[in-house]
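Okay, structure first, notes after.
Derivation of every value follows stated rules applied to the coordinates shown; laboratory data play no part. On a predicted model such as this, the values are computed, not experimentally measured, just so you know. Backbone-built Cβ (ideal geometry, glycine too); neighbour counts: all protein chains shown.
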Amino acid sequence: MSTQQPTPKTARRITPLRETWQQLMSSARSRAPQLRASLIGLGLAAALQGLALACLMPLFQALIPQADWTAAWPWFLAMTALMLASTAVRWWAQGFDYRGDMVHNTHELRTELGEQLRRIPLEVLQDKRTGAVNATLLGNVDETLSYILTVANMMTTALVTPVVVALAALWFDWRMGLILLLVFPLLIPLYRWRRPAFGRGMRMLADANERTSSDILEYAQGLPVLRSACCVGEHAVALQASFKHLEMIQTIGQKKGAKPNLVLATVMELAILLVVFAGTLLVVQGSLDVAILAALMVIVVRFAEPLATFVLYAKVIDLIEAALGKINALLAVAPLPQQSPEQMPKTFEVAFAGVRFGYASAGQPTLRDLDAHLPARSLTALVGPSGSGKTTVTRLLMRHADPQAGAITIGGVDIRAIAPEQLNALISVVFQDVYLFDDTILANIRMARPDASDAEVEAAARAAHCHEFVTRLPEGYATRVGDIGGRLSGGERQRISIARAMLKNAPIVILDEPTAALDTESEVAVQTAIDALVRERTVIVIAHRLSTIAAADQILVIDDGQVVEAGRHADLLSCKGRYARMWQAQQSAKNWHARQDR
Ligand SMILES: Nc1ncnc2c1ncn2[C@@H]1O[C@H](COP(=O)(O)OP(=O)(O)OP(=O)(O)O)[C@@H](O)[C@H]1O
């Protein structure tokens, strides 16, 4: 069964506005009816405003040349009523923002994206840079919903209002109405001409923002390593290059945005001149009422500015579209399929049968028909050259991804039939790099089992040989990890992670070279803690230093994604195969170091 979940790429085509509308409604989630009503309300407000302005024509007719109050006041009243109605509808429609619907909507979308992060296969997530995920959850969500009403308000005022006035003008003078109706459609070809470039520009900008966000995050997180490796400068140059790239994209965007805007502004000026010229000609000929021309002048000048900046608003629509694309791409990643009925294993031996697996981004399969049997309550060590697939074996057991062929079982149950939370509960992992959250030591241990009492946390900490150094900290278990920063040694951090595993009390334990980076003293302390942890459990150890796994119940030598040798340390040595050569090589290196130290 193929379970590779490709990450959908942001669509590269120009999305029709109807599709943008649908996407927008779907991203508005539970507030879609409110958003739809608000957007329709803004259209209605703009139409009412158009009708109100159209009242200027009969009003001016009543006042020019002789002011006739009796004829004028009904129009004045109508205009006032329409303006008030337009304002009231606009106030109501903008309520999506000020009543808190928009903020609720962004919260809802962010929560859903957060839940999606929990569901999507970890292999897919590992392919994404942290900054990119951060940009989607923060920036893209805000970009989608925060500006929508402001833009919709501007666009309806720029488009709907003039069209309504032009239609009304047909009633008073069909020629002027026609000229106005011909002038406004000028916008459409111009908009269609520029939109693809805007769309591309906005997607490039979204990508560049995402890249810069990831680069900044990685630079900040990697500063300690970069400083120790004396390459802060080089990476600062790389970060600067990322800023430069962003600047370039923004510059292109500005150029692309500024020019059509100027063209449109110029076209609008010319259009006003055309209306004045045609109107004046008709007035001079005596076939147009000067009052109508005067009213139209007031109205057209009123439109000129919103119309001239219309293309600029269209740019924001493209920004919204690019953000929607990123959000939808993340939401579209399907979780790994679950087999039914769900089952819970009763025993905890682990078996890999004909497992074939390749990472989506790699051309070659990483595991090739791998078979292995790990008896319950035994310790199995995975050894082999770097890149041979040891970590991948453990990742598949934790279901970061599913194999393309074969099956992995726990107690005879296919792990695809075990509910994800239950599978998580069955396995504890102790990695070489321990991630501690910026919280108290107590909370950091307790996250393995949130319902554990303080006493249970302390018991796990004692068993993992943490209690002594934790009680020496300024506030003991209540000490915040962030407050003591780097004061915890590698071995101490490692023991906290072992305490987590102790507290979790899972029947299967994965140890991913937990002592590899430790000095001898820390290693002894951590090894003692590990010995306590692994008792009576099914344990998988990834080890490079073969001396640490000489006592394993079973050693699996993995090479090029296959188990090439299996057995106990002594048996494998006597076979004089791959393991024996690796052992020899490590012993020689050790002896060489010992001679150098003398
Ligand atoms: N997320 C990934 N995407 C694509 N390829 C990957 C990914 N993770 C690992 N690989 C590749 O899969 C192969 C096996 O990697 P794996 O980490 O399982 O090896 P390993 O034996 O644990 O290596 P090491 O001992 O160096 O940790 C390597 O070629 C590696 O580059």
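For this structure, a couple of remarks:
- Ranked list, fewest to most other Cβ atoms within 10 Å of each Cβ, for Lys128, Lys346: Lys346, Lys128
- When the range 320-462 is reduced to its Cα atoms, the Kirkwood hydrodynamic radius in Å: 18.0
- Phi to ³J(HN,Hα) by Karplus 6.51 cos²θ - 1.76 cosθ + 1.60 over the range 97-113, Hz, x for Gly, Pro: 7, 7, 7, x, 4, 5, 5, 4, 5, 5, 4, 4, 5, 5, 4, 5, 5
- Nearest-ten-degree value, helix 454-463 long axis tilted from longest Cα axis of the chain: 50
- For a paramagnetic label modelled on Leu182 (point 7 Å from Cα along Cα→Cβ), amide N atoms under 17 Å away are absent within the range 303-345.
- Virtual spin-label span in nm between Arg36 and Ala478, 7 Å along Cα→Cβ: 5.4
- When each of the peptides 431-439, 382-390 is scored by how many other beta carbons lie within 10 Å of its residues on average, the order from highest to lowest is 382-390, 431-439.
- Sites Trp73 and Ala329, calculated FRET efficiency, Cβ-Cβ separation with R0 60 Å, nearest 0.05: 0.55
- Reciprocal of mean inverse Cα separation for the range 350-597 (Kirkwood radius, Å): 19.2
- The Rg/Rh ratio of the range 528-592, with both radii computed over alpha carbons and Rh defined as the Kirkwood radius, is 0.99.
- Sorting 93-100, 144-151 by their mean Cβ neighbour count within 10 Å, with the most densely packed peptide first, gives 144-151, 93-100.
- Amide hydrogen neighbours beyond the local backbone of Gln343, cut-off 5 Å, H modeled: Ile418, Ala419
- Each eigenvalue of the Cα gyration tensor of the chain, multiplied by 5 and square-rooted, gives one semi-axis; in descending order these are 70, 24, 23 Å.
- When both bridge partners sit in the chain, DSSP labels roughly 50% of those beta bridges antiparallel.
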